[in-house]
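Enquirer: Dumping the structure here so I can ask a few things about it.
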Amino acid sequence: MPGRGARVARKSIYDPIHGPISLEGAPLELIGHRAFQRLWGIRQTGFAHLVFPGANHTRLEHSLGVYWVAGEMGEALRLPAHDLATITVGGLLHDLGHPPFSHTLDGPLREVRGVDHEALSRAWIVGGGPDPVAEAPASGPSVPEILERHGLNPRRVADLVDPPRRTGGTPLLREILHGPIDADRLDYLQRDAHYTGVAHGAIDAARLLDTVESDRGRLVFAEKGRSAIEGFLVGRTLMYSSVYFHKTVRAAEVMLSAAVERIPGYPETARGIFGLTDGDLLHLLEGTAGIARGIATALRERRLYKRVAGYRTLPPARARSLTKYLRDPPARRQIESELAQLLGAPDGSVLLDLAGLEVRAPGGRDLEEIALREGLRIVHPFASGSHWRSLLLRPPSPWALAVYVHPAWRHAAESRLPHALPRFL
């Protein structure tokens, strides 16, 4: 404890979304760690800046925002001081393991490392796991050493960031970071809307924070916050369709994934790339041979593949059968190669976008878990039978499956691929 008259180190960072964000103790020390500073080099919205030029904000800014929102939620819930410190640090560290360009490389990360970015965040927080930063020499104390020095349990923080399958601990704390309306989403919707200029994400976060409560250890909202919840859900849905799944953004995302998947010696040679920054990854790819190099240069110069074919809708059984390619990337790459051969084009000139087969918009479980306090009752107004359900569960992309092609082969693809696709898929 500092003596009488001792100065406590404290800093205030001005954030355009939340205003001044104060840090001291463990958070202040953690933001100087190399794992956190790496987040300066990772764009929050991947390739959205190619469509929305203002979207150059980073994972570091977002992490500071989640730290602030988690603190506001914790104070509104009157959490004990130690729980409040734990959840705010969890918010600060929740994205340490993100690969370059944020969610763009989720697929290759699962294929190469067999984990998602939350697991890499856990490795930083608890120590002893694989270092996500590629071969960088360690300097200074580790993340768990910093946490323990400030009286925080690294494993407890990690369990909030990367909840174990057997959910134990404190559900209320977990829901602040991993709930249907959590600190993560309350920050990124506002932040992404601000920097893209898209108004859909302009949610009433102040009202949500003003109406958050707890009931029997679970997160609930006062009835007067219902309209803010409705706005949040609609805003989240529209941001997926208008920003995160914009066709041009998707073109760049499938291109980067294709470049990584075509690094010579993949997947073994790709294990170290997930700890790089955006710029470092593009530089590495431009130093490789073949199609990976060409795609990286095209991304840097904004020469993007074009969508030429695909399926807007598919019968449910057919859609389910195609999801196997989400789980089997080599089989998907084989089809891409065969389609390229059909055009007489080099491998990697034709790419499949299967993101429309994934559910990333607000899902059914989210709707079931949103709780409102009506008098003495806790109700779930967005569960089964709600008239909101059809809107909130609509696919985030109008294309169940899309085919993107190198611009040089666009005309040949437009004339041949729509008729050929049924033979391959």
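Table: residues versus (1) in a loop (DSSP other than H, G, I, E, B); (2) surrounded by 19 or more Cβ atoms within 10 Å (Cβ to Cβ); (3) of a type in the set (Gly, Ala, Ser); (4) in contact (Cβ under 8 Å) with a residue 24 or more places away in the chain.
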position: Gly46; (1), (2), (3), (4): yes, yes, yes, yes
position: Pro53; (1), (2), (3), (4): yes, no, no, no
position: Asn56; (1), (2), (3), (4): yes, no, no, yes
position: Ser63; (1), (2), (3), (4): no, yes, yes, yes
position: Tyr67; (1), (2), (3), (4): no, yes, no, yes
position: Ile87; (1), (2), (3), (4): no, yes, no, yes
position: Asp95; (1), (2), (3), (4): yes, yes, no, yes
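Enquirer: Tell me the residue from Leu351, Leu357 that is under 30 Å from Ala298 (Cβ atoms) and modelled with pLDDT of 95 or more, please.
Expert: Values: Leu357 fails: modelled with pLDDT of 95 or more.
Only one candidate passes the filter, namely Leu351.
Enquirer: Then there's this: How about segment 299-324: which of its residues are within 22 Å of Pro346 (Cα to Cα) and in contact (Cβ under 8 Å) with a residue 60 or more places away in the chain?
Expert: Leu299, Arg302, Arg303, Leu304, Tyr305, Lys306, Arg307, Val308, Ala309, Gly310
Enquirer: Okay, moving on. Within segment 322-354, track down each residue that is among the aliphatic types (A, V, I, L, M), in a helix (DSSP H, G or I) and more than 27 Å from the chain's Cα centre (by Cα).
Expert: Ile335, Leu339, Ala340, Leu342, Leu343
Enquirer: Then there's this: Looking only at segment 219-249, which residues are of a type in the set (Lys, Arg), surrounded by fewer than 18 Cβ atoms within 10 Å (Cβ to Cβ) and within 24 Å of the chain's Cα centre (by Cα)?
Expert: Correct list: Lys247 only.
Enquirer: How many residues, within segment 299-321, are assigned to a helix (DSSP H, G or I), among the charged types (D, E, K, R) and outside the structural domain of Leu343 (by TED's automatic domain parsing)?
Expert: The number of residues fulfilling the criteria is 1.
Enquirer: Which residue pairs have Cβ atoms closer than 8 Å, lie 6 or more positions apart in sequence or on different chains, and pair a first residue in segment 210-221 that is more than 14 Å from Leu177 (Cα to Cα) and in a helix (DSSP H, G or I) with a second residue that is aliphatic (A, V, I, L, M) and at pLDDT 95 or above?
Expert: Asp210/Ala76; Thr211/Ala222; Thr211/Ala228
Enquirer: Here are some residues: Ala193, Ala206. Which one is without any contact (Cβ under 8 Å) to a residue 60 or more places away in the chain, in a helix (DSSP H, G or I) and assigned by TED's automatic domain parsing to the domain that holds Ala76?
Expert: Working: Ala206 fails: assigned by TED's automatic domain parsing to the domain that holds Ala76.
The match here is Ala193.
Per-residue answers, yes or no, for (1) crowded, with 23+ Cβ neighbours inside 10 Å; (2) closer than 30 Å to Ser242 by Cα:
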site	(1), (2)
Ser139	no, no
Val143	yes, no
Leu147	yes, no
Leu152	no, no
Ala158	yes, no
Pro164	no, no
His194	no, yes
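Enquirer: Something else about it: Would you say Arg216 is surrounded by fewer than 16 Cβ atoms within 10 Å (Cβ to Cβ) and more than 20 Å from Asp95 (Cβ to Cβ)?
Expert: It is true that Arg216 is surrounded by fewer than 16 Cβ atoms within 10 Å (Cβ to Cβ) and more than 20 Å from Asp95 (Cβ to Cβ).
Enquirer: Of the conditions (1) under 21 Å from Leu393 (Cα atoms); (2) in contact with a Ser or Thr (Cβ under 8 Å, 6 or more places away or on another chain); (3) of a type outside the set (Asp, Glu), Ser242 fails just one. Which one is it?
Expert: Result: Ser242 passes all but (2).
Enquirer: Can you tell me which residue among Thr288, Thr277 is within 18 Å of Gly348 (Cα to Cα) and surrounded by 14 or more Cβ atoms within 10 Å (Cβ to Cβ)?
Expert: Going through Thr288, Thr277 in turn, the sole match is Thr288.
Enquirer: Output yes when any residue across segment 54-68 is modelled with pLDDT of 95 or more, closer than 15 Å to Asp192 by Cβ, in the same structural domain as Leu173 (by TED's automatic domain parsing) and among the basic types (Lys, Arg), and no when none is.
Expert: yes
The values are calculated or read from the model by the stated rules, or taken from the named source; none is laboratory data. Just so it is clear, the model here is predicted, and its values are computed rather than measured. All Cβ positions, glycine included, derive from the backbone under ideal geometry; neighbour counts span all protein chains shown.
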